[in-house]
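Presented below is the structure to which this report refers.
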Amino acid sequence: MERSSELEALIALHVAVDEQVDKLVRLHGERLLCRRGCRDCCVDDLTVFELEADLIRTKHGALLVEGRPFASGACAFLDDAGDCRVYEHRPYVCRTQGLPLRWIEGSSEYRDICPLNDGQLTITELQPAACWLLGPFEGRLATLQAARAEGALKRVALRDLFG
């Protein structure tokens, strides 16, 4: 697959993720406290697949060359006001932060939620459809990455994109 086709496929995946995230945000409404300006999940050690790093490089090249990363300890892509400078092209992991999460390992179901929203939602009482199911979209993203890199699932630290 050509690089532009790979990035188009990634953007389409991000659109599909956003559509599902929007449904959950509407469902939970004011109970979700993660909103613009919240950056508790915007930490320094986040990594993304090389494909998502390439999307940021392609769409935000000037920022990466001329800009400076945010101070260590928080995501390099925050601006001085705490907003994301690559929000439109933010990685998958950033698109799902704060949501009630559920995943299946073997025959067990697990759930988690951002501590800011814990207490706002009784996560154990939520219907499965009221949670973000980990697995399907991550699998699609891994498949896109593996196809471009002959099976390699190389990850890149977001801070390392600067410079």
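The values are calculated or read from the model by the stated rules, or taken from the named source; none is laboratory data. Predicted model, so just to flag it, every value in this text is computed and none were measured. In this analysis, Cβ positions are derived from the backbone assuming ideal geometry, glycine residues included, and neighbour counts consider all displayed protein chains. Just the protein is used for accessible areas: all its heavy atoms, side chains included, with ligands, DNA and RNA removed. Shrake-Rupley method; radii C 1.70, N 1.55, O 1.52, S 1.80 Å.
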Out of segment 68-91, which residues are surrounded by 15 or more Cβ atoms within 10 Å (Cβ to Cβ), of a type outside the set (Val, Ile, Thr) and outside any helix (DSSP H, G or I)?
Pro69, Phe70, Ala74, Cys75, Ala76, Phe77, Leu78, Cys84, Arg85, Arg90, Pro91
Over 24 Å from Ala142 (Cβ atoms) and either touching a residue at least 40 places away in the same chain (Cβ under 8 Å) or not in a loop (DSSP other than H, G, I, E, B) (or both): is that true of Leu51 in this structure?
no
Of all residues in segment 20-40 being aliphatic (A, V, I, L, M) and outside any loop (DSSP other than H, G, I, E, B), the one that is farthest from the chain's Cα centre (by Cα)
Leu27
Taking Arg57 as meeting all but one of (1) open to solvent by less than 70 Å² (accessible area, probe 1.4 Å); (2) touching a residue at least 60 places away in the same chain (Cβ under 8 Å), write down the number of the exception.
(1)
Among (1) in a strand (DSSP E or B); (2) over 25 Å from Leu10 (Cβ atoms), the one test that Arg102 misses
(2)
Condition check for Glu125: open to solvent by 80 Å² or more (accessible area, probe 1.4 Å), modelled with pLDDT under 95 and not β-branched (Val, Ile, Thr):
yes
